[in-house]
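Structure first, commentary second.
The values are calculated or read from the model by the stated rules, or taken from the named source; none is laboratory data. As the structure is a computational prediction, the values presented were derived from the model and not from experiment. When we count neighbours, we look across all protein chains shown, and the Cβ atoms used for this are built from the backbone with ideal geometry, even at glycine. In case anyone asks, the SASA skips ligands and DNA or RNA and just uses the protein heavy atoms, side chains included. Shrake-Rupley method; radii C 1.70, N 1.55, O 1.52, S 1.80 Å.
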Amino acid sequence: MPTRVSETHRRAAVLGSPIAHSLSPVLHRAAYAALGLDDWSYDRFEVDEAALPGFVTELDETWAGLSLTMPLKRAIIPLLDEISDTAASVEAVNTVVLREDGRRVGDNTDIPGMIAALGERGVEKVESASVLGAGATASSALAALARICAGPVTAYVRSEARAEEMRGWGERLGVDVRTADWERAAEAFDAPLVVATTPAGTTNALATAVPDGVGTLFDVLYDPWPTALAAAWSERGGKVVGGLDLLVHQAVLQVEQMTGVPKAPLAAMRAAGEQALAAR
C-alpha cells in the first residue's frame, strides 16, 4: 500500500500485475531528472483488480498521478470521478491525474501515443491498415486508426467471438473493420500499415512470410526487441515502429498531465528506456 511521505514531496507510480518488468519508472524518473523536479518520485506497485480499490482509497494529497497497466485499465474506471472522451471511447484508462480538489480524472494516452509514434516516423495518413490480434491494445489501435486511416482496417483474429468484438469496436469508433481468420494473417502484410498487438512470440511464425516492398509495421512489443517479425520487416526494407516508441510517447503525455509541464523531455526519456532495455 502507498506510504506517506513529506508534504512537499510529489508522488506518482505505475500499478499492475505483473509489474516488475515495467519501464515506466525509468522513463518518468528520467523526465523528472531532466526537468529538475527533484522533489518528485515515481515507483511501481504490484496491484491486481481486487487490491485496486484499497490502494486508491489510501492515496493522500502528496500523490499527483497513476499509470495503469494490465489488468487495471478497465477496473479503475468505477473508482474515478471523470474520464476523458478518449478513454471512454475504448473503455480503458491508463492515466489518472489526482487534482488538487481531490477529483480523480482518467485518460488514455496510449491512443495519442500511437498516433505520435507513427507521426514521428512520417506516418500521418494511410489508405488502409491491418491489425494482428484482438485484445485491449487492438481496440486502442483501432481508436488511433480512426484518426489516421482513410479506408478499411482488416483485423486478423483466432475466433468468431474475437471477430465480432473487433467489428463492434469498429462500429463504435467509426472505423470500417473487416475481419479474417488468423490462418490468413500473412495477407495483412499487403496493407501500407500493419499493427501487431499480440503477446510475445505470437507472430514469430509469420516472419518468414514478410515479402519485399512492405510498408510500415507498428509492433507494440518492446521486450524482447526486435521481435522476429520486426527484424524480418527491417530486412525487407520496411519501416518499423516499436513498442518503446509507443511507451515513450504515451509516457510523455502522462508526465505533462501529472506535472503540468508544457513539454516533457522526449529524447531523455527515450535514451533512458533504450539504456534500460540494453541492460536486460
(message) Could you tell me how many of the residues in region 41-64 are within 10 Å of A12 (Cα to Cα) and within 23 Å of the chain's Cα centre (by Cα)?
(response) 6
(request) Kindly state which strands (runs of 3 or more DSSP E) lie completely within region 134-207 and contain at least 3 residues that are buried (at least 24 other Cβ atoms within 10 Å of the Cβ) and either over 16 Å from the mean Cα position of the chain (by Cα) or touching a residue at least 40 places away in the same chain (Cβ under 8 Å) (or both). (result) 153-157, 193-196
(request) Go through region 100-109 and give me each residue that's farther than 17 Å from E256 by Cβ and either modelled with pLDDT of 95 or more or buried (at least 19 other Cβ atoms within 10 Å of the Cβ) (or both). (result) R103, R104
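Specify the residue that is surrounded by the fewest Cβ atoms within 10 Å (Cβ to Cβ); the eligible residues are those in region 110-133 that are among the hydrophobic types (A, V, I, L, M, F, W, C) and under 17 Å from A185 (Cα atoms). It would help to see each step written out before you state the result.
Our first condition is that a residue be among the hydrophobic types (A, V, I, L, M, F, W, C); within region 110-133, this holds for 111, 114-118, 123, 126, 129, 131-132.
Imposing the further condition that a residue be under 17 Å from A185 (Cα atoms) reduces the set to 129, 131-132.
Numbers: A129: 28, V131: 29, L132: 26.
Once the filter is applied, the top-ranked residue is L132.
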(request) Please go through region 46-58 and pick out each residue that is touching a Phe, Trp or Tyr at 6+ places or on another chain (Cβ under 8 Å) and either open to solvent by 40 Å² or more (accessible area, probe 1.4 Å) or of a type in the set (D, E) (or both). (result) none
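For region 75-99, which positions are in contact (Cβ under 8 Å) with a residue 60 or more places away in the chain and either open to solvent by 50 Å² or more (accessible area, probe 1.4 Å) or closer than 21 Å to R10 by Cβ (or both)? Give the steps one after another, and end with the answer.
Within region 75-99, the first condition is being in contact (Cβ under 8 Å) with a residue 60 or more places away in the chain, and the residues that meet it are 89-90, 94-95, 97.
Selection gives N94, T95, V97.
Looking at region 249-262, is at least one residue farther than 23 Å from D107 by Cβ, open to solvent by 20 Å² or more (accessible area, probe 1.4 Å) and of a type outside the set (D, E, K, R)?
Filtering region 249-262 for residues farther than 23 Å from D107 by Cβ gives none.
Within region 249-262, not a single residue is farther than 23 Å from D107 by Cβ, open to solvent by 20 Å² or more (accessible area, probe 1.4 Å) and of a type outside the set (D, E, K, R).
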(request) Go through the residues of region 221-235 one by one and say whether even a single one is at pLDDT 95 or above, outside any strand (DSSP E or B), farther than 28 Å from A279 by Cα and over 17 Å from the mean Cα position of the chain (by Cα). (result) no
(request) Taking G213 as meeting all but one of (1) in contact with a helix residue (DSSP H, G or I) (Cβ under 9 Å, 6 or more places away or on another chain); (2) part of a loop (DSSP other than H, G, I, E, B); (3) more than 30 Å from A271 (Cβ to Cβ), write down the number of the exception. (result) (1)
(request) Identify the residue in region 25-37 that is open to solvent by 40 Å² or more (accessible area, probe 1.4 Å) and farther than 19 Å from P262 by Cβ and, among all such residues, is farthest from the chain's Cα centre (by Cα). (result) R29
